[in-house]
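Only one structure is covered here, and it is reproduced in the block below.
Any read-out appearing in this document is the output of simple, stated calculations on the displayed coordinates, not a laboratory observation. From a predicted model like this one, the values you see are computed outputs, not experimental measurements. Glycine also receives a Cβ, built like all others from the backbone with ideal geometry; neighbour counts cover every protein chain displayed.
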Amino acid sequence: MKFAFILDPLDKLKAYKDSSIAMMRAAARRGHEIFAIQREALIWEAGTVSARCHALSISDFDHAWYIPGPEQTLPLTAFDAVLMRQDPPFDFEYVTATWLLERAMQAGARIFNHPVGIRDHSEKLAITEFPQFAPPTRVACLAADINAFIDAHGDTILKPLDGMGGSQIFRVRADDPNRNVIIETLTQDETRTIMAQAYLPAISAGDKRVLIIGGQVIPYSLARIPMAGETRGNLAAGGRGVAMPLTDGERAIAEHLAPILWQRGLLIVGLDLIGERLTEINVTSPTCMVEITDQTGFDVPGAVIDTLEDVCA
């Protein structure tokens, strides 16, 4: 089979831990052909969505993990599946890519995650569909509304709706002398909507990433445990990743969401849970596959390729 991956620049990827590279390696070991596409190389003309792309020879050497073939332009229907794996920010160019990928799907291309699913699932706001699993949360723009939430809960987390990797996340207590300036900064003087959530002390045991692949819940999470003195567990913010079996509560949430999200064409989903409360639903480029596989032996990238082989057969 031919699998194409829409990726960030290849020389910027960290091969030793990148989930997209792990999936490409898993597919290549099974004899599948691998192609790389940059988002800006997508083209629409005369009803066809195509892309300039490179076939890749994949190796297990992290310092030189790929050799690109000559550039060629192919319609997206030439591939058995196309995986959209570009990292946020989810800006207008990202939205434009989902529109183009949607046109490609109408012509018969298989795209994962489904471009409409990506576009409709704000990774922060997606939890508003499932409030029974979320911590106390308020989404608001005005300082008065955010301040009222902080006063009600005393200890809170404030974050933008378009961040990733723990960027611009603040823990704000009711008596914090900087709370007003933090709110002003995050809302850009009440012109940008943000999310406020009650602080969950269980973060000390890790912000857990639970993966769902093709509607199947991976039985291990990666607990991203904050550094001493840090609130954020994100690996990009210095958190330490420890794989562990799902708790009954984590599994119950994931099992509830799995068929709903898979029905929407979301092949790879990363749930973020703190203390068995759902804080985010990641659908753009969920990670942590390598860490879970290395620590448990459960082949998460292989599970992705299993599903692709199944649905593309």
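Could you give the C-alpha radius of gyration of the stretch 136-199 expressed as a fraction of 2.2 N^0.38 Å, taking N as the number of residues it contains?
On the way: Rg = 10.2 Å, N = 64, 2.2 N^0.38 = 10.7 Å.
Computed over Cα atoms of the stretch 136-199, the ratio equals 0.96.
Below 8 Å, C-alpha to C-alpha, sequence gap of six or more: please give me the relative contact order for the stretch 2-113 in percent.
Working: 186 pairs, mean separation 33.3, N = 112.
About 30 percent, as a whole number.
What order do you get for HIS121, HIS63 when you list them from fewest to most C-beta neighbours inside 10 Å?
HIS63, HIS121
Can you give the relative contact order of the chain as a percent, counting alpha carbon pairs under 8 Å and 6+ residues apart?
Working: 614 pairs, mean separation 55.6, N = 313.
Answer for the chain is 18 percent.
Could you tell me the distance between the Cα centroids of the stretch 48-99 and the stretch 291-311, to the nearest Å?
20 Å
Sequence gap at least 6, Cα distance under 8 Å: using those rules, report the relative contact order of the stretch 136-199 to the nearest whole percent. Mind showing how you got there, number by number?
Numbers: 102 pairs, mean separation 32.2, N = 64.
Across the stretch 136-199, relative contact order equals 50 percent.
For the charge dipole of the chain, defined by +1 on Lys and Arg C-beta atoms and -1 on Asp and Glu C-beta atoms about the Cα centroid, which residue among LEU158, ALA22, ASN178 has the Cα displaced farthest towards the positive pole?
ALA22
With all pairs of different alpha carbon atoms counted, what Kirkwood hydrodynamic radius in Å does the stretch 2-113 show? Mind showing how you got there, number by number?
Numbers: mean 1/r = 0.0704 Å⁻¹.
Result for the stretch 2-113, one decimal place: 14.2 Å.
Given R₀ = 25 Å, FRET efficiency for LYS2-ASP60 by Cβ-Cβ distance, to 0.05? The partial results should precede the final answer.
Working: r = 21 Å, r/R0 = 0.85.
Once the sixth-power term is evaluated, E becomes 0.75.
Only four residue types carry charge here, +1 at the Cβ of Lys and Arg and -1 at the Cβ of Asp and Glu. Report the dipole size of the stretch 193-313 about the Cα centre in Debye, rounded to the nearest 20. Working shown, then result.
On the way: 8 positive and 14 negative charges, 78 e Å.
In debye, rounded to 20, the stretch 193-313 gives about 380.
Using alpha carbons only, what's the Rg to Rh ratio of the stretch 27-177 with Rh from Kirkwood?
On the way: Rg = 21.0 Å, Rh = 18.8 Å.
That ratio is 1.12, to two decimals.
Multiply the residue gap between GLU255 and ILE67 by 0.36 nm, knock off their C-alpha separation, and tell me the result in nm, one decimal place. Walk me through the intermediate numbers first.
Values: separation 188, 0.36 × 188 = 67.68 nm, distance 3.93 nm.
This chain segment gains 63.7 nm when fully extended.
What ranking of LYS12, LYS17, LYS159 emerges when the number of other C-beta atoms within 10 Å of each C-beta is taken as an exposure proxy, fewest first?
Numbers: LYS12 9, LYS17 17, LYS159 20.
The fewest-first ordering by Cβ neighbours comes to LYS12, LYS17, LYS159.
Extension gain GLU33-PHE92, at 0.36 nm per residue separation less the Cα-Cα distance, in nm? Write out the running numbers ahead of the final one.
On the way: separation 59, 0.36 × 59 = 21.24 nm, distance 3.07 nm.
Contour length minus Cα-Cα distance gives 18.2 nm.
What is the diffusion coefficient of the stretch 203-312 in µm²/s, taking the Kirkwood radius over Cα pairs and the Stokes-Einstein relation at 37 °C with a viscosity of 0.692 mPa s?
Numbers: Rh = 13.9 Å.
D = 235 µm²/s.
With r as the distance between the Cβ atoms of ASP176 and ASP310 and R0 = 45 Å, compute the FRET efficiency 1/(1 + (r/R0)^6) and round to 0.05. Please report the intermediate quantities before stating the final value.
On the way: r = 51 Å, r/R0 = 1.13.
My answer for the efficiency is 0.35.
Considering the convex hull of the alpha carbon atoms of the chain, report its projected area averaged over all viewing directions, in nm², one decimal. Kindly include the intermediate steps, with their values, before the conclusion.
Working: hull surface 65.0 nm².
Spelled out: convex hull of the Cα atoms, projected over all directions, averaged, 16.2 nm².
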